[in-house]
Amino acid sequence: MGKVGIIGVGQSKFVRRYPGSIRELAFEGFKEAMQDAQISAGDIDASIICSAPEYDKQRSPSGVFAEYLGLIPQPTFYLENLCSSSSMGVRMAYSLVKSGLHEVVAVIGFQKMSEISSAESQERMGRGADIQWESPFGTMMPAYYAMFARAHMEKYGTTLDDLALVRVKAATYGQLNEKAVYRKPVTFEMFTDPESPLSGPVSSPIRVGDCCANADGSSCVIVASGEKAKAFNKESVWILGLGAASASVNMAGREDFTGFAVAQQAAEQAYKMAGVTSKNINVAEVHDCFTISEILAYEDLGFAIPGEGKELVKSKETYREGSLPVNVDGGLLSKGHPIGATGGSQIRTIVLQLRGEAGEMQVKDPEIGLVHNIGGVGLYGNITILGR
């Protein structure tokens, strides 16, 4: 059926509090992607809008966005997959293009988390767990990830210092990313300084500095058939492999707490589809909503054997100059995590890397990139492998 590529990517700045409406927020990412692709709204024959709806005051935002962005009467769809919504949106766009049903699809992810209070936000995050059997007992995202961190520490000897090194790396590149919400330097000593906010407890062993921040933001990825890409005279970044999986929403249904089966299963699918292995990946974006998440991702993706993910950070192999640069845009820990926009932002980073357009964050001559995007506490897993 021919190749499917990405011809345009865009992202708003991720900020603590966006002053405009959600449609204006979505426009920022959309505008950048359209300028990147050098096309007009009439060239897009379908759109997919992605977010976690519990944060949205607007019901059915897809129709509102399609009207505002000039994408009517073309069909528009709404997709929700928690934190992996927009990477799942790219998977759906790939399917629509590959089937021949559509030729050019815009995937727009957004979240304006500041529309509700921090307390309300935490409560809604808790609803990502089973509302009958878990969330009534006060479950929160930091506590869930703390459980995985503790299990990893008990089994493999991972330490608080190992977690801190992940955040130090994230901040190294977050300072270079003009679209990141957190652009301050972070030193290892901040995690042992009782006067530093980053050392404050959240849910043991998770500290403030181990957590990403809520943010408002949008992203846009424009997916097209190879034929259309050539018609637009655009050299695409090609979608080589896709993987997706789901897991038990209840922790009682999980067999292991030192990794995410959804990431392992989705990675296996994506590697097979792309005809590559973990050794062929030149640059990656992984879902580091908490510092432990990045270490788990290294192991789930086959970048390191179980228990040795922490060594990649210690040895700086996942820094920009290392053998496998990971999250050299600062990751979620620096960029912030506007839930529906996150996957699209990760994909944008890899597209720019493969094109050689990442500026100060550019790694040397990457040919194959990977995006690892997790929804909830390992509930959904999406892996996207891209090539130039």
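Coordinate-derived values only; no laboratory data. Since the structure is predicted, the reported quantities are computational estimates derived from the model, not experimental observations. For neighbour counting, all protein chains shown are included, and Cβ atoms are generated from backbone atoms with ideal geometry for every residue, glycine included.
So between Q58 and S21, what do we pick up on full extension, going 0.36 nm a residue minus the alpha carbon distance?
Values: separation 37, 0.36 × 37 = 13.32 nm, distance 1.01 nm.
Between Q58 and S21, full extension yields 12.3 nm more.
By average Cβ neighbour count within 10 Å, what is the ranking of 163-172, 179-188 from highest down?
163-172, 179-188
So between A252 and Q132, what do we pick up on full extension, going 0.36 nm a residue minus the alpha carbon distance?
Fully extending the segment from A252 to Q132 adds 41.9 nm.
Assuming R0 = 45 Å, what is the FRET efficiency of F188 and S40, from their Cβ-Cβ distance, to the nearest 0.05?
On the way: r = 49 Å, r/R0 = 1.09.
That gives a FRET efficiency of 0.35.
What full-extension length gain, to one decimal in nm, is calculated for A119 and E227 as 0.36 nm per residue of separation minus the Cα-Cα distance?
34.0 nm
Pairs of alpha-carbon atoms within less than 8 angstrom and 6+ residues apart define the contacts here; what relative contact order does region 236-388 have, in percent?
After rounding, I find 37 percent.
Please give, to one decimal in nm, the separation of the simple spin-label points placed at K316 and A151, each 7 Å out from Cα toward the Cβ.
3.4
Cross-link list K3/K230; K112/K335; K279/K364; K13/K184; K184/K310; K31/K179: which exceed 21 angstrom alpha carbon to alpha carbon?
As for pairs spanning more than 21 Å Cα to Cα, those are K184/K310.
What is the order of I48, I281, I108, I72, fewest Cβ neighbours within 10 Å to most?
With the sparsest Cβ surroundings first, the list reads I72, I281, I48, I108.
Given Cα pairs under 8 Å that are at least 6 residues apart, what percent is the relative contact order of the chain?
26
Ranked from highest to lowest mean number of other Cβ atoms within 10 Å per residue, what is the order of the peptides 303-309, 365-371?
The peptides rank, most packed first, as 365-371, 303-309.
What percentages, rounded to whole numbers, describe P(r) for region 78-190 computed over all alpha carbon pairs with 10 Å bin width beginning at zero?
The distribution over region 78-190 is 11, 22, 35, 25, 7, 0, given as percents.
What helices does the chain have that are whole DSSP H segments, at least 18 Å long along their own axis by Cα, and with mean Kyte-Doolittle hydropathy of 0.0 or more?
Within the chain the helices that satisfy the rule are 85-99, 160-174, 342-355.
Run lengths n ≥ 4 of DSSP H only: what is the helix-derived mean residue ellipticity at 222 nm for the chain, with -39500 (n - 2.57) per run over all residues, to the nearest 500?
Calculated from helices alone, the mean residue ellipticity at 222 nm is -10500 deg cm²/dmol.
For region 329-339, what does the Karplus curve 6.51 cos²θ - 1.76 cosθ + 1.60, with θ = phi - 60°, yield as ³J(HN,Hα) per residue in whole Hz, taken in order and with x for Gly and Pro?
9, x, x, 4, 4, 9, 5, x, 9, x, 2
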